[in-house]
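**Q** I'd like to ask some things about the structure below.
Coordinate-derived values only; no laboratory data. Source: prediction; values computed, not measured. Positions of Cβ are generated from backbone atoms using ideal geometry, with glycine treated the same way; all protein chains shown enter the neighbour counts.
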């Protein structure tokens, strides 16, 4: 299986290449970043943090891991893997970043699919939550896992073939900087009916859906898109709580709305996502 870590990392302080020296990564100017025993590196400078513990909490990460590993979103992972690997060759490893990787579910599924297809792959997972990256590194030793921010990716320019932004916060200038010309950005966003049944439980009324953007961001050209819709039934109060915990609705809902969700023991849900590919010009 030709699945390897990604190595073209950049110092978050000066942008210079990072090289491994023992149990640390260092740049030519002497900035050094220790490799954690769990197998990840923190490349988020203290001055770039907006809080002491940014991103998903340890509890939210655990909920996401339980829910995703149970398989309800497997069709999304399959579609993501298919679109990432489309057009790949066996000539060189496909360098892929998951920008906002969470606990690494989609990169793990991508590695499995690539191995089955015989496609060499080099993977980098980045998230601003140290708890998410720590969980990802514990589950997968064949990728590079980094605590960092999409706003200032610690990646050398034009070193990536694919960037994934799945239900995340795209920073298009940074994505354009790190992608090779002709490289692809795969963006996945919730559709109008995504988890509608859960939202109808927790909110008094639903806001009108925002129209989907059909234009490419600056520096990119639209390279195709598709919608994915399917139904899933979530059984058990704990599983429903895990789902709610991994969505922004946990904080947007009122206490009454969260209480209504907590009273559920089963719910049939619509999954509705939009997948778009943008080519780096």
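**Q** Compare 258, 26, 210 in a GNM of the chain, Cα atoms joined below 10 Å, and give the one with the largest fluctuation.
**A** Largest GNM mean-square fluctuation: 210.
**Q** What nm distance separates the two modelled labels at residue 265 and residue 117, each placed 7 Å from Cα along Cα→Cβ?
**A** My value for the distance between the label points is 4.3 nm.
**Q** Still on this model: Mean-square fluctuation check for the chain, GNM, Cα pairs under 10 Å: which of 62, 213, 239 is largest?
**A** Highest fluctuation of the listed residues: 213.
**Q** With a Förster radius of 45 Å, plug the Cβ-Cβ distance of residue 228 and residue 28 into 1/(1 + (r/R0)^6) and report the FRET value to the nearest 0.05.
**A** About 0.50, to the nearest 0.05.
**Q** Length gain on complete extension for the stretch residue 214 to residue 238, per 0.36 nm per residue less the alpha carbon to alpha carbon distance?
**A** 4.9 nm
**Q** So, R0 is 41 Å and r is the distance between the beta-carbons of residue 89 and residue 200; what FRET efficiency does that work out to, to 0.05?
**A** It comes out at approximately 0.35.
**Q** When the chain is treated as a GNM, springs tying every alpha-carbon pair under 10 Å, which of 75, 157, 211 comes out with the largest mean-square fluctuation?
**A** With Cα springs under 10 Å in the chain, the top fluctuation among 75, 157, 211 is at 211.
**Q** Arrange 172, 203 by Cβ neighbour counts within 10 Å, fewest through most, would you?
**A** Starting with the residue having the fewest Cβ neighbours, the order is 203, 172.
**Q** Compute the helix-to-body angle for 74-85: its Cα long axis versus the longest principal axis of the chain, expressed 0 to 90° and rounded to tens.
**A** Tilt of helix 74-85: around 30 degrees.
**Q** Give, in nm to one decimal, the length gained when the segment between residue 193 and residue 52 is fully stretched (0.36 nm per residue of separation minus the Cα-Cα distance).
**A** Roughly 47.3 nm would be gained on extension.
**Q** Quick one: check the C-alpha center-to-center distance for region 187-222 versus region 34-78, whole angstrom.
**A** 23 Å
**Q** On to the next question. For region 11-97, what class follows from the C-alpha gyration tensor (a ≥ b ≥ c being the square roots of its eigenvalues): rounded when a/c is under 1.5, otherwise prolate if a/b is larger than b/c, else oblate? Let's see the in-between values first.
**A** On the way: a/c = 2.44, a/b = 1.30, b/c = 1.87.
Taking the square roots of the gyration eigenvalues as a ≥ b ≥ c, region 11-97 is oblate.
**Q** Note the angle between two axes, namely the Cα long axis of helix 105-117 and the longest principal axis of the Cα atoms of the chain, as a number of degrees from 0 to 90, rounded to the nearest 10.
**A** Rounded to the nearest ten degrees, it is 70.
**Q** Right, another one. Shape verdict for region 124-244, please, from the Cα gyration tensor: rounded (a/c under 1.5), prolate (a/b greater than b/c) or oblate.
**A** Judged from the Cα gyration tensor, region 124-244 comes out oblate (a/c at least 1.5, b/c at or above a/b).
**Q** Where both partners of a DSSP beta bridge lie in the chain, what percent of those bridges are antiparallel, to the nearest 5?
**A** 55 percent
**Q** Counting DSSP beta bridges in region 1-147, what percent are antiparallel, to the nearest 5?
**A** 35 percent
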